[in-house]
1. For VAL8, what residues show an amide H to amide H distance below 5 Å, using hydrogens built from the backbone and excluding near sequence neighbours?
2. What's the ranking of 23-35, 52-64, 226-238 by average number of surrounding C-beta atoms within 10 Å, highest first?
3. Counting Lys +1, Arg +1, Asp -1, Glu -1, what net charge surrounds GLY220 among other residues with beta carbon under 14 Å of its beta carbon?
4. In what sequence, highest mean first, do 37-43, 206-212 appear when ranked by Cβ atoms within 10 angstrom?
5. Using each residue's phi in segment 117-128, evaluate 6.51 cos²θ - 1.76 cosθ + 1.60 at θ = phi - 60° and report the 3J(HN,Hα) Karplus result to the nearest Hz, with x for Gly and Pro.
6. Report ³J(HN,Hα) in whole Hz for each residue of segment 182-198, in order, from the Karplus equation J = 6.51 cos²θ - 1.76 cosθ + 1.60 where θ = phi - 60°; Gly and Pro get x.
Amino acid sequence: MARIRVLVVDDHRIFAESLAAALAAEPDVDVAAAGSGPAALRALERAAAEARPYDVILVDAELGVLAHGGGAPVLPVPRPEEPGAVDGISLVAQVRAARPGVRSVVLAEKDDPRCAARALQAGASGWVAKDCSLQRLLTVVRGVLRDETHLPPALLTGVLRELTATRKHRTESEALVESLTPREREVLRCMVAGLGRKAVAERLFLSPHTVRTHMQNVLGKLGVHSTLAAVALARRAGVGPAEPVTVRLAGDVVERGSQLA
């Protein structure tokens, strides 16, 4: 039986422990929990390094809003984090940028069309009420792994209205660029600068494989099929090239990042 690896991210300790315990009772689910954004990012990194990556993260929409005195993880997988907080939507965006294969589902205490729209734009695949049934949550978890997007029916109209209002004041190209994660925008700016995959990897301190994934995501979100088309669309949207990196060697100045690699 293929097992689903789930990470619960919530700074409400009792809720996180209860949800993790309920999910752990499922025969095909492995679950751990983290009490903050930084702890979740470390857990994801550690799991990937051990070749046991998480499939889905369940993120509290109000993560980091309430202080709980240190935010230690509720289960042993993540370690206590350093000071600092990451809100739920920001965490979704960071995970989307760093771990594109991980699906994010936002858990919310109340329906909020504006926040739900922001979550979708950040890369979330689902929005679920915290008081939904376990069966409903499992349906969403399994659905997002099939690349489905899940929203409560009552939220659909509001979310669509928010998305429409946001895009009304932008050109089509600007809206498409806005859909990219911060990391994808960095990659796009490198593409505009004419950098190849290897050069982008060196500049952003990423592996060539990760850069390839980001570039594929950029093309997919922009709805184009080539780097040249992506660059043309980016320029229409006002996206400038990444600044060249200046390296000093033995008193000479060498500019990097201005040619294909």
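1. ALA32, ALA33, ALA34, LEU58
2. With the highest mean Cβ count within 10 Å placed first, the list reads 52-64, 23-35, 226-238.
3. So the surrounding residues net to +1.
4. With the highest mean Cβ count within 10 Å placed first, the list reads 37-43, 206-212.
5. Here the 3J(HN,Hα) series is 5, 4, 5, 5, 5, 6, x, 5, 9, x, 9, 9 Hz.
6. Taking θ as phi minus 60°, the curve returns x, 5, 5, 5, 4, 5, 4, 5, 5, 5, 4, 6, x, 7, x, 4, 5 Hz for segment 182-198.
Every number in this text was worked out from the coordinates using simple rules, so none of it is lab data. Everything numeric here is computed off the predicted structure, so don't read it as measured data. Note that we place each Cβ from the backbone using ideal geometry, even for glycine, and neighbour counts take in every protein chain shown.
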